[in-house]
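*Asks:* Take a look at this one; I'll ask things after.
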Amino acid sequence: MNKVIVTDHPLIQHKLSIMKDKNTGSKDFRELLEEISMLMCYEVTRNFPLEEVEIETPLCTSKTKMLTGKKVGIVPILRAGLGMVDGMLKLIPVAKVGHIGLYRDPETLKPVEYYCKLPMDITEREIIVTDPMLATGGSAADAVTLLKEKGAKNIKLMCLLAAPEGIEAFHKVHPEVNIYVAHIDEYLNDHGYIVPGLGDAGDRIFGTK
Ligand code: PRP
Ligand code: URA
């Protein structure tokens, strides 16, 4: 219950510091987000079950271990969550990808849903929701609520940066959903931005604004 796993490997912290720098442009920002997502995927998939299989090495028959063919669904929250998908797919190429479109109303800071397309067999899949920013927690909480309404049972949330306020708000609604995050920043400002943060993740990924 209420588990937050901070994946603070030195490579992740180094890359995240470059992303936070306001002088880092979109190309580098995107590439770093993809690389960090790949590194975080290692931790997010740590509990995936293995089974014993028999293979032939060039020398002999050997019993070894492989994944049990667990079905995975990666669900980015549009737009910024898209930036984490390719890194995950590099390590889990058979995963299916769903999309949930949410934007945060700049006045109310409440998420507004505009799109949802999920794999048909979502109930059978281990779902990894991706979004770089967990600020107030509203977008991630609504996305997970939507996934549960569609039948998803096994859900993890993977973020790059979180505010303590967002973690608390998210876990009030979904206490059983583990959060994986590269770093927990200091606080949310009056506009709902994570401080020190990295600014608007979607704008920095896609070069808008
Ligand atoms: C950002 C971010 C999260 C959300 C976090 O998206 O990618 O989805 O804000 O804020 P919250 O925790 O307070 O809900 P945004 O609404 O800016 O949309 P975008 O990804 O399309 O830019
Ligand atoms: N969304 C962002 O992209 N950045 C923040 O700091 C908060 C919400």
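The values are calculated or read from the model by the stated rules, or taken from the named source; none is laboratory data. Note that the structure is predicted; figures quoted are calculated from it, not measured. So basically every Cβ, Gly included, is an ideal-geometry build from the backbone, and we count neighbours across all protein chains shown. Each accessible area value is taken on the protein alone, full model and side chains, heavy atoms only, with ligands, DNA and RNA left out. Shrake-Rupley method; radii C 1.70, N 1.55, O 1.52, S 1.80 Å.
*Asks:* From the list Lys148, Lys156, which residue is surrounded by 17 or more Cβ atoms within 10 Å (Cβ to Cβ), of a type in the set (Lys, Arg) and at pLDDT 95 or above?
*Replies:* Lys156
*Asks:* Taking region 181-203 only, how many residues are more than 16 Å from Arg104 (Cα to Cα), open to solvent by 20 Å² or more (accessible area, probe 1.4 Å) and either within 8 Å of ligand 2 (Cβ to nearest atom) or touching a strand residue (DSSP E or B) at 6+ places or on another chain (Cβ under 7 Å) (or both)?
*Replies:* Result for region 181-203: 5.
*Asks:* Filter region 37-76 down to the residues that are in contact with a strand residue (DSSP E or B) (Cβ under 8 Å, 6 or more places away or on another chain), open to solvent by 60 Å² or more (accessible area, probe 1.4 Å) and among the aliphatic types (A, V, I, L, M), then identify the one that is nearest to Glu113 (Cα to Cα).
*Replies:* Once the filter is applied, the top-ranked residue is Leu67.
*Asks:* Another question about this same structure. Only one of Pro164, Pro119, Pro93, Pro106 is surrounded by fewer than 22 Cβ atoms within 10 Å (Cβ to Cβ), under 22 Å from Glu31 (Cα atoms) and out of contact with any helix residue (DSSP H, G or I) (no Cβ under 9 Å at 6 or more places or on another chain); which?
*Replies:* Within the list Pro164, Pro119, Pro93, Pro106, the selection yields Pro93.
*Asks:* Within the set of pairs 6 or more residues apart or between chains, which connect a residue that is within 16 Å of ligand 2 (Cβ to nearest atom) inside region 64-83 to a residue that is assigned to a strand (DSSP E or B) and open to solvent by less than 10 Å² (accessible area, probe 1.4 Å) with Cβ atoms less than 6 Å apart?
*Replies:* If the second residue must be assigned to a strand (DSSP E or B) and open to solvent by less than 10 Å² (accessible area, probe 1.4 Å), the pairs left are Pro76/Thr130; Ile77/Ile100; Leu78/Gly101; Gly81/Thr130; Leu82/Pro76.
*Asks:* Taking the stated definitions as given, is Phe206 more than 9 Å from ligand 2 (Cβ to nearest atom), under 18 Å from the mean Cα position of the chain (by Cα), open to solvent by less than 10 Å² (accessible area, probe 1.4 Å) and aromatic (Phe, Trp, Tyr)? Walk me through how you get there before you give the answer.
*Replies:* On the way: more than 9 Å from ligand 2 (Cβ to nearest atom): yes; under 18 Å from the mean Cα position of the chain (by Cα): yes; open to solvent by less than 10 Å² (accessible area, probe 1.4 Å): no; aromatic (Phe, Trp, Tyr): yes.
No: the conditions fail for Phe206.
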